[in-house]
Structure formats: structure tokens, C-alpha cells
């Protein structure tokens, strides 16, 4: 990030603006600095994504780095001459060192897995960093020491850690295993809450010095005291606390109430920290702290208005009658664009407003759209043929509306809002009528594609509504009588209606083609995919059937129909009995659009087909044939006169006709969609939109007791101090974390990024021997796992453990550098390795191997981690228990459960390990499989009797949980507990389940998630949000045991389940005695 040119002087606390001579510079109050550190006489921090240094007493800061991407974790060397930090100059988060006065950064680590700088060793020669490069689980980072000039990283024996601080003599570490203090969840007491642990590096022993349910983080060791952040006081705000290593007493130092302290670091005599974006310096002797005055030299170029081409950010469109003009929605602006040739107009020119969901009226005169330019989402009307200002149609005041649907006569607009209420608004006077409200919530995602269908005469509105049996049904609303009537019974899932152009028929989608697909696993399970068909209902009894028998006859030429004179009548008596299923084959059908004599719709890939793209197809009612219109279509929008289509295919847009064999002959020009971006205006909109969407969508309208208006004021005031989009994400995160609920994330947006240069991996652990690098260990998964293998674990591999690797592609491995340095850019590439068993070049040979990608390396280590756990369970149980690991409750977790469960059904019981479970779906289907009852048994003459179902195991089961298991990883043990399926061992889960959370896209492509529902159990109790599922047997992941190569949690769960193997073993009912089924034998039974 380049910030340069003129002097800006500011103080990090509120003050009056100072006018400098000739307006060459101005005092600007600045906040939102990160990753600060303090030396004997200087402070460093990250501001605007770059590193700055300033005198400790305050003053002018010098910019040390000017680079794309965001630097982080800055730390002064003990003598204050150098700064170590993490940066992504090459697209990967690696460790660098730079002189405190500026200069050329020295790259220390070379690895595609993130390396997070932690601190300098007290000797001033080595650096401590954390990385998950070898852990097998991305959440678990190990600690490494490496020479500040580069070299081979030495892995410490600390089982796992993420932040740490050395004791003054370097013999001990105060560390934490997880960074919870920056997690978007305040007043948190879940399993992710960290403790401060002191580890003796000589004795390999550890002591938990805080051991409370609150958050303890950012440890920093100075003299005989360990300072850290904690929220254990009554206000539950992160403040600075201190632990005296001599008295073993803990006390609170700061008592800041309105904001949490997010970053903190210490020098020999001071602590530097931030609160509410303000930088403070605290003297350790007096424990008094003051804000620090700062001046920076910067042109704030990131905030300068600039022209930006947004042609690649199109996410909505509407097509004029006649299809000669199109309005595209891109980055919150609306652009009027020619179909092939002509000029482009930015209609809205409002960088600080989100203008979206444009809709062209059928008469071609007006474009309706949603905009928040007045602070709330309202409908605005823009004349299509001039540049006059748009008129605000609505005064809703709050809420979020979706696609605008004009009536054919251009007099009314229909839409659904976030409350799942359907409205019709008069386009002339804004008068609004409520049409209906759905029984079950439609949800943000489904509302964006919600179908509202006008009849050709504008007298009827068709829509989908949920019914009590949880299916959906088709309804019709009469604009003249305001009557709303149900058309289909809801016996099947029916929805997405559309009227025929002549007004005689109503087409809709119905899921009723039940063609079962059976599992190949021998478990008797089945699903009904690809079930959607197209139905047609005759709206009046005398309408001819669309499937009546054909008969060739001489016909008179029919006059062209005038759709403006169509009058739609509906006979509701036995209306559903007049439906027919149209001939198109069932599948994943969506988006039906009606044209004269035909319908056009999408065919998305059928489940299990392996296809990836959707096709647009047409069904002709005359020929009764379905034909392809166009392949690989991602979007299709019908024109306002309902005669043409705008399609998107392979990054191009084009107008096509509703007929077979179409293609984009001449693409719609999108290269001139240029807006005037004013970053600060857009950032304010993003913040307000984030606040607003939580107000409107969060499951509790009372915001869990939080004063949401006050939070808007408190955190919104920080927008003025933002210098980058990263700052906006930080402010968003702080705002929503006040709700103390899970699934409130903010991410992405228009961020600077660097294209990664990926490392080529070998699936090995390295060691440095005799000044050369060699293979210490080959990473090996289970024998039956074929997903990924090290090139040295393949048949006929020509190198193995103990062999030296001298060069790759003739580039020597330098022992003074990371061994992966010459492998940069070789991910997935075939390379030549120079290997030697003795280390001597003259005894070397060249072998050809293919490097692993970072994903393959990560997966390989993950599979090995699973196999090691399985072997541990097998050994501890004497081979009686199976082990299942579930990484999430999504597709990967499903695969792992089925694979590992069915592969070990012969065991007497199971351990289900869901530690680090990343969530996904709720757990009912998983528990159905694990607790599947045995209903029958089958005696076989030629083989062993079997249970039915055969793929079941009614032996005892136990579950492992920890603080990294969240969302679905909370739901799985909760369900396990509710069903009393077995003992749960470990530590509290993450506690962020809350309920279904919906993703929301923001104006610049960033995103937030808002939980619009919350889960509770059958006893009427909410899930333990912010606390998590508590184990039946709490077992700390004690580093004193882990360092021995043991796993205390696995040991305990095996112990408990083995008790059940003895007291409640799996049962297989033996076959009864064979019967005498003769008359005599049967007579005896009487």
C-alpha cells in the first residue's frame, strides 16, 4: 500500500483541527492501527496495510514498507535495530526482517502455508514463528525457531501454539493455543477461549496460569511479570491484566469499558496497545497510560476518487422492450448499455449508494430499482429516455426488498421483502397493498430468485407459498377483488408459476418424479434426485388440453394475437385436476419463461451426472419437442416485452431469441462500464449496510438486548479514520461481534492482493545433517488411502528416508536458506531431483518426480494424522474399537463417516472424533446412520447370520470434542447428547451454532453472514451460544501429556467406551432352532 507525498499531522485522540500554512498539510485524527510494538525509543505499527515507525514519545512516523498486501505481526529486535514481520510479497504469508530505518526486506521463510511471526528470541539472533505446515490440521500451529537471516526452521516441542512470549532468559514461553481475542464474538465463554500456558523448554513441562472460562490472550513477558489481555471482569471487555511469576497472583490493570483492547505488545519498560482505534503507551513501572500523538507523511491515495471499470462486476440486469438497450447493475451503479452498438450511460452515479435490482417497465418508459441513497432501501423510478433525477416511490423506512416485477400494463410493481411478505405497489402514487405472507421463512437466498408472475391482463398475480406440510403450493391473487386462492394442494412441492401468453394456462415446476437412486454401499439407502417436472394447469374448464391427441387437418391461417386484449379467467373449481405434466424429462429444471407457443427454461446438471454447466432449452407446444437453445448459460433474463432473452455465457452477454440453436453473434459491449469510485463514500455505505442488514435479518429483532443504534454510532464514528478496505472489515467485525452470536462474519471486498507463488512439496519432513538437507521422514497415510501419496511413497521410488536431496532442477539447496526456497513455483510440476545416499555429489543421481501441490501436501498430512489416531485407538482398545474422524458436517464429513464407519463395522464399538469439525449441515442424517437400529436378522444356510440392515453396529460409541469444533461441529455433539448416544469427552465446543446463517453480498463484492434463525431443543432450551457443548468427561489437551506423544482425550474416551463394551456390548441375536414345518411338526406347536 503506497501512502506518500505530503505531511499529515494527527493525534490518536479527539482534538481540534489545526490549520497549517498554505494548506500544504492538515491535521487528521487517525485510528485503527494494528500490530503495534515498542522498543526502547520507538513504536512501530501497521497502518494502511504498511509498516510505520515513530518516536516512542510521539511525532512524525516514517513509512518503512510500500507494498501490495497487508503486513502484520511487527516486532522489534531486542536492540531495536530491526523489525521482523509477516508479509505476502510473493503471495504467501512468510516471515521477513527489515532495518528499523527502512531498507531491503530479507525473506526468512519460504512456504505456501502461512508463517506467522511471533517474536524475537531474547538472543536477538533468532525468530519465533508459528505455522501449520506440519500439523495435519490447519487449526493447529506449531512453533519454530529460525535464524533471523534465514535457514532451517527448528520445530519446538511445544505441542501446538499460535502466539507466545519468551521469558527474559529464553528458557520458558508464555503461550496461547488459539487467538480468541480477535474472534468476532464478544463476551465469549466457549471452547475457543484461550488460557495462558507457561512452558519450560528444558523440562518440557507446562502450567496453565489463568485457567478460566474467559478469553486470555496476547501474552507478553517482561521481567518477572506476564502481561496479557483478558475479559474476565464484570464488563467482559478485553483489558490488560498481569500475572506475577513470583507470587503467582493475577490482577487487572486497565478498565476500559466501551471498547476492547485488540492489540498489545511490550518492550522492556512499556506496553503499547489500542482501544477503539486509539493508540496508547503504558509505563510498566507506574502502570499509567496515555494516548500517543502521531504524524504521518501520506497522500492518502487509496481514498482519492478514481475512475473504475466495473464491467467484470455485473450482478444484475434488465432488458428494454425490443431488446435494444440493457441496464446492468455493477458495483452498486446502473448502466444503460446498447445491445450491440451505441453509447453507455451511468444512470445513477452514486458511489455512496447501492442501486440494485433494476426492472424496465413493459411500456419502456421507466426503470424501477432499489436504492439506499436516502439511508434506507426504497424503490426509485428513473425515466428511461432522459437523464432527469429519479423519483422515490416508497417510504418503507426500513427493510430489504427483492426483485421488482412490473405488471404488463406498467401500472403496478410486485415484490417480496425480507419478512417473506408479498406486496404490490402502485407505480403512480406509491400506494401499497399486502398480497400475502408465506408460512415458513423464504430466506435471503431464495428470496432473490422468488418468482412473482403477472397474468397478461395484469389482473392476476401468481406466486409460491409454503403450506403446513412443509411443501410449497401455487397461489393466485386477484387484483380486482383482493382475493388470494390456493391453486395446488401442496401434496407435492409446487412452485415458480408463470402464465402462458394467451392467459389460458398456468405453468409451474413440480417435484413429483420419484425415481430412486440406491446406494452402492449395500446399506439399502436411497434418494430421489432430479425430480422436477413442468406442469400446466388449464385455468378454465374449456381450455383445450396441451396434450390432446394430434390430428393433421387443413387449418386456416390464424390472425396474430393481440396480447393486450387478453382477458384471463380462472375457474377454481377442481382446478388442480386439470393439470397435465408436460413431456420434458424430469431433472434439475428451473427458471421457466413463457413465450407464444413455447416455454424456455434451464436444465442444470442432474445430480450424479458429473456435468458442470447449465443449458437453456425450449419446449415447443406445436411440435411437442424439447430442443437446446444454448449450452453453458449462467444467466437468462427475459426482456420487458417478453419476446427476447439476455443471456450470459462464458463471460459474455448477448441478446438471443427463444428458439433452438442460438448463439451470441455479437456480444453486448460491457467494456465501458466506468464509475467514479469515491472509496470513503462506499466504505460508509458498506458499514451502514452491514448494520442495517443485521437490524433487518438477525433472528432476534431486539438484537439480544444490545443497543443497536448506539453501536452504529460507536463504531460508525471510526469510518472517518479508515484508510483501507481492511480497516472496514475490522470495523464491521467489531460491530457485529457486539451481538455475541456466531455466524456473524465479514470478509472480502475490494482488497489488495498478491498472486500466490505456490511451493512444490515432497510429502516429507526435512532434517539438516552434515550441512546438507535430507529426508528425515516420509509422510504416510493408511495403506488403503490412495488420495495422495508422497513421490517417495510410490512403487519403485528411487529415494527414501536418510537420502540427501542436493538440488532441484540443478538449483542447489542452500543450508543457509529454507529447504523449500528453490521449490517455489514448482507446485504440481515435474522436476529433476539430485539425490545422494551419502551426501556426496559424485555419488548422486538424478530422479524425476512430480511435486505435490499445497493442497495435496496438506491432505497427505491430514490423512496421516487420522491414521495415527486410528492406530492409537486400536492399540488402546486391544483392537476392539473403531475410529471415525469427521472434519466437518458437509460433504467431506459425510464421506469420512461412511468410509470409516463401514470399513470398521466388525468392531465392538466406535470413537467418533469431531475435534476441529468445521461445520456445514445439521447432524440428524449423521446420527441416523450411527444409531441405525437393527430391526430384523437373517439366517443363511451357506453363511453367517446377518442383521438387517446389515450396515449397522449397535455397539457403544463415544465422541471427542474440542474448542475448534463449531457450527455443525456444535450441532453434531449436541444431537449425540440429546440422543444419549454415548459419552462425550474433551473440551467445550466452539459455541457458534446459533442457527441458519445467510450470506449477503455487499456493494464491492465483500460479504457478511447474518443468522436469521436460532436453534433450540425439544425441551425448549436455546443452544448454549457462546459457551458450546460441554463434555460428559472434561479432559484438557494437556501439553504435559501431548509432548509424550500421547493424547489424553483419546485415552479417556477409549477408557469410557471400553467400560460400555463390557456392560452394554453389541448384540447379535443368534438364529433360533430350525423348525419342523410338516403337519406333524406344526401340530405339535398347538
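The values are calculated or read from the model by the stated rules, or taken from the named source; none is laboratory data. What you see is a predicted model, and the numbers here were worked out from it, not measured in a lab. Don't worry about glycine lacking a Cβ; one is built from the backbone with ideal geometry, like all the others, and counts go over all protein chains shown.
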Check your understanding: Do we find that residue 16 is at pLDDT 55 or above and assigned to a loop (DSSP other than H, G, I, E, B) in this structure?
Key -> no
Review point. Out of (1) surrounded by fewer than 17 Cβ atoms within 10 Å (Cβ to Cβ); (2) in contact with a helix residue (DSSP H, G or I) (Cβ under 8 Å, 6 or more places away or on another chain), what's the single condition that is false for residue 851?
Key: (1)
Practice item. Could you please let me know if residue 508 is modelled with pLDDT under 95 and under 35 Å from the mean Cα position of the chain (by Cα)? Key: no
Point to revise | Residue count for the range 165-185, restricted to those that are surrounded by 20 or more Cβ atoms within 10 Å (Cβ to Cβ) and closer than 20 Å to residue 989 by Cβ | key: 8
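Any idea how many residues of the range 377-394 are in contact with a strand residue (DSSP E or B) (Cβ under 7 Å, 6 or more places away or on another chain), assigned to a loop (DSSP other than H, G, I, E, B) and more than 17 Å from residue 333 (Cβ to Cβ)?
Taking the range 377-394 as the starting set, the residues that turn out to be in contact with a strand residue (DSSP E or B) (Cβ under 7 Å, 6 or more places away or on another chain) are 377-384, 390-394.
Filter once more, keeping what is assigned to a loop (DSSP other than H, G, I, E, B): 377, 384, 390, 393-394.
Next cut, more than 17 Å from residue 333 (Cβ to Cβ) only: 393-394.
Residues meeting the conditions: 2.
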**Study point:** Count - residues of the range 967-987 that are under 19 Å from residue 1022 (Cα atoms) and either buried (at least 24 other Cβ atoms within 10 Å of the Cβ) or in contact with a strand residue (DSSP E or B) (Cβ under 7 Å, 6 or more places away or on another chain) (or both)
**Key:** 9
Practice item. Mind listing just one residue for me: the one in the range 32-49 that is surrounded by fewer than 23 Cβ atoms within 10 Å (Cβ to Cβ) and under 35 Å from the mean Cα position of the chain (by Cα) and, of those, nearest to residue 748 (Cα to Cα)? Key: 34
Practice item. Collect the residues in the range 1064-1086 that are free of Cβ contacts under 8 Å to residues at least 24 places away in the same chain and either surrounded by 10 or more Cβ atoms within 10 Å (Cβ to Cβ) or at positive phi (or both), keeping them in residue-number order. Key: 1076, 1081, 1082
Practice item. Hand me the list of strands (runs of 3 or more DSSP E) wholly inside the range 227-334 holding 1 or more residues that are buried (at least 21 other Cβ atoms within 10 Å of the Cβ). Key: 239-244, 261-266, 270-275, 278-283, 293-297, 314-319, 325-330
Exercise for review: May I ask you to say which residue of 108, 158, 162, 97 is surrounded by 20 or more Cβ atoms within 10 Å (Cβ to Cβ) and touching a helix residue (DSSP H, G or I) at 6+ places or on another chain (Cβ under 8 Å)?
Suggested key: 158
Point to revise | Residue that is farthest from the chain's Cα centre (by Cα) [pool: residues in the range 989-1000 that are surrounded by fewer than 24 Cβ atoms within 10 Å (Cβ to Cβ) and outside any strand (DSSP E or B)] | key: 995
Exercise for review: Output the residues belonging to the range 1036-1060 that are in a loop (DSSP other than H, G, I, E, B), in contact (Cβ under 8 Å) with a residue 24 or more places away in the chain and surrounded by fewer than 20 Cβ atoms within 10 Å (Cβ to Cβ).
Suggested key: 1036, 1037, 1038, 1043
**Study point:** Matching residues, the range 342-376, being touching a residue at least 60 places away in the same chain (Cβ under 8 Å) and in a loop (DSSP other than H, G, I, E, B)
**Key:** 344, 349, 351, 352, 353, 354, 361, 362, 364, 372, 375, 376
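Quick one: which strands (runs of 3 or more DSSP E) lie wholly within the range 442-509 and hold at least 1 residues that are under 27 Å from residue 316 (Cα atoms)?
Here the list reads 452-454, 460-466, 472-478, 493-499.
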Point to revise | Members of the range 746-773 that are under 30 Å from residue 1002 (Cα atoms) and not in a loop (DSSP other than H, G, I, E, B) | key: 746, 747
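Can you tell me which residue among 893, 918 is farther than 25 Å from residue 1067 by Cβ and in a helix (DSSP H, G or I)?
On the way: 918 fails: in a helix (DSSP H, G or I).
After ruling out the rest, the residue left standing is 893.
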**Study point:** All positions within the range 691-723 that are in contact (Cβ under 8 Å) with a residue 12 or more places away in the chain and under 15 Å from residue 740 (Cα atoms)
**Key:** 691, 694, 695, 698, 699, 700, 703, 704, 706, 708, 711
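Which one of these is buried (at least 23 other Cβ atoms within 10 Å of the Cβ), outside the structural domain of residue 920 (by TED's automatic domain parsing) and part of a loop (DSSP other than H, G, I, E, B): 1008, 1003?
On the way: 1008 fails: part of a loop (DSSP other than H, G, I, E, B).
On inspection, the qualifying residue turns out to be 1003.
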Exercise for review: Determine whether the range 106-123 contains at least one residue that is more than 24 Å from residue 159 (Cα to Cα) and either under 35 Å from the mean Cα position of the chain (by Cα) or assigned by TED's automatic domain parsing to the domain that holds residue 172 (or both).
Suggested key: yes
Check your understanding: within 23 Å of residue 449 (Cα to Cα) and modelled with pLDDT of 95 or more: does that describe residue 489?
Key -> yes
Practice item. Using the structure shown, decide if residue 643 is out of contact with any helix residue (DSSP H, G or I) (no Cβ under 8 Å at 6 or more places or on another chain), part of a loop (DSSP other than H, G, I, E, B) and within 29 Å of residue 358 (Cα to Cα). Key: yes
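Matching residues to (1) in contact with a strand residue (DSSP E or B) (Cβ under 9 Å, 6 or more places away or on another chain); (2) more than 24 Å from residue 1056 (Cα to Cα); (3) modelled with pLDDT of 95 or more:
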{"residue": "848", "(1), (2), (3)": "yes, yes, yes"}
{"residue": "863", "(1), (2), (3)": "no, yes, yes"}
{"residue": "868", "(1), (2), (3)": "no, no, yes"}
{"residue": "884", "(1), (2), (3)": "yes, no, yes"}
{"residue": "917", "(1), (2), (3)": "yes, no, yes"}
